[in-house]
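S.K.: One structure, as structure tokens, below. Some questions next.
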Amino acid sequence: MNKNKHLRKPDSFTAELKDFEKNAHEMVRNLTSKKPHYTLQAHQAEWHIRCLIYHCRNLLSYYTSFTKEVSSRAATGADILWMYSQDFQYMLFELYGLVNIARISMDNLRFYLSPLFKTPSNQLPKSVKDFLKGDTDCPIYQFLSKQDLTEYLIDLRNCLVHYRSFASSDNALVFEDKVDESEMVV
């Protein structure tokens, strides 16, 4: 069995992101033409989607550049690399932005989905975390509550915002899986 069956090359996401952006735009156009009173909500939701895609594209770009740089240096046979790489730092900037906008987008679902609820939107829980704690018949919240990634994203965002930071230099320490941590003297 291939233990890496879920691994994908970063380039494989590019077309998927493009399709996702195109589909979101078409859905917004269809919704606003049929139900113009939802125009503001639809365009705000599309803005969040486009922002998420923007950060994903940039993250992939910096990740690809960083891994190429690592690969070329690792080809020398080194097991441990201490290297200057602005792309590594930029990749972390994008990941930080992506994690935060993803959480903001999930919290804003209550506004975007409010037409589906009988409860007035100002009485709905403000945080996606509060929705996930309770019971709901909303298929989107039901789907999110079953995703391990949802809790992980919330925890990661909370950790970054409240406890830790990605603040780092533009140097990277890269080591091969087989390297014993005791060999790493920095």
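The values are calculated or read from the model by the stated rules, or taken from the named source; none is laboratory data. Worth saying up front: this structure is predicted, and the values here are computed from it rather than measured. Methodologically, a virtual Cβ is constructed for each residue, glycine included, from the backbone with ideal geometry; neighbour enumeration extends over all protein chains shown.
S.K.: So is HIS55 of a type outside the set (Lys, Arg), in a helix (DSSP H, G or I) and closer than 24 Å to VAL128 by Cα or not?
M.R.: When the stated conditions are applied, HIS55 passes them.
Listed here are the residues, each with its yes/no results for (1) under 20 Å from the mean Cα position of the chain (by Cα); (2) modelled with pLDDT of 85 or more; (3) loosely packed, with under 14 Cβ neighbours inside 10 Å.
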{"position": "ILE104", "(1), (2), (3)": "yes, yes, no"}
{"position": "ARG110", "(1), (2), (3)": "yes, yes, no"}
{"position": "PHE117", "(1), (2), (3)": "no, no, no"}
{"position": "ASN122", "(1), (2), (3)": "no, no, yes"}
{"position": "LYS126", "(1), (2), (3)": "no, no, yes"}
{"position": "LYS133", "(1), (2), (3)": "no, no, yes"}
{"position": "PRO139", "(1), (2), (3)": "no, no, yes"}
{"position": "SER145", "(1), (2), (3)": "yes, yes, no"}
{"position": "ASP148", "(1), (2), (3)": "yes, yes, yes"}
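S.K.: Could you run through region 53-91 and say how many residues are over 20 Å from SER12 (Cβ atoms), of a type in the set (A, V, I, L, M, F, W, C) and surrounded by fewer than 19 Cβ atoms within 10 Å (Cβ to Cβ)?
M.R.: The qualifying residues number 7.
S.K.: In region 64-110, which residues are in a loop (DSSP other than H, G, I, E, B) and closer than 30 Å to SER121 by Cβ?
M.R.: Residue satisfying the conditions is ASN108 alone.
S.K.: Looking only at region 86-99, decide whether some residue is over 21 Å from the mean Cα position of the chain (by Cα) and farther than 19 Å from LEU144 by Cβ.
M.R.: no
S.K.: Only residues in region 134-148 that are farther than 15 Å from LYS118 by Cβ count as the first member; pair them with residues that are polar (S, T, N, Q) and in a loop (DSSP other than H, G, I, E, B), Cβ under 7 angstrom, at least 6 apart or cross-chain, and list the lot.
M.R.: Between residues of region 134-148 that are farther than 15 Å from LYS118 by Cβ and residues that are polar (S, T, N, Q) and in a loop (DSSP other than H, G, I, E, B), the close pairs are GLN142/THR136.
S.K.: Checking LEU31 against (1) surrounded by 16 or more Cβ atoms within 10 Å (Cβ to Cβ); (2) touching a Leu at 6+ places or on another chain (Cβ under 9 Å), only one condition comes out false. Which one?
M.R.: Single failed check for LEU31: (2).
S.K.: Also: (1) without any contact (Cβ under 8 Å) to a residue 60 or more places away in the chain; (2) out of contact with any helix residue (DSSP H, G or I) (no Cβ under 8 Å at 6 or more places or on another chain): which one isn't true of THR14, the others all being true?
M.R.: (2)
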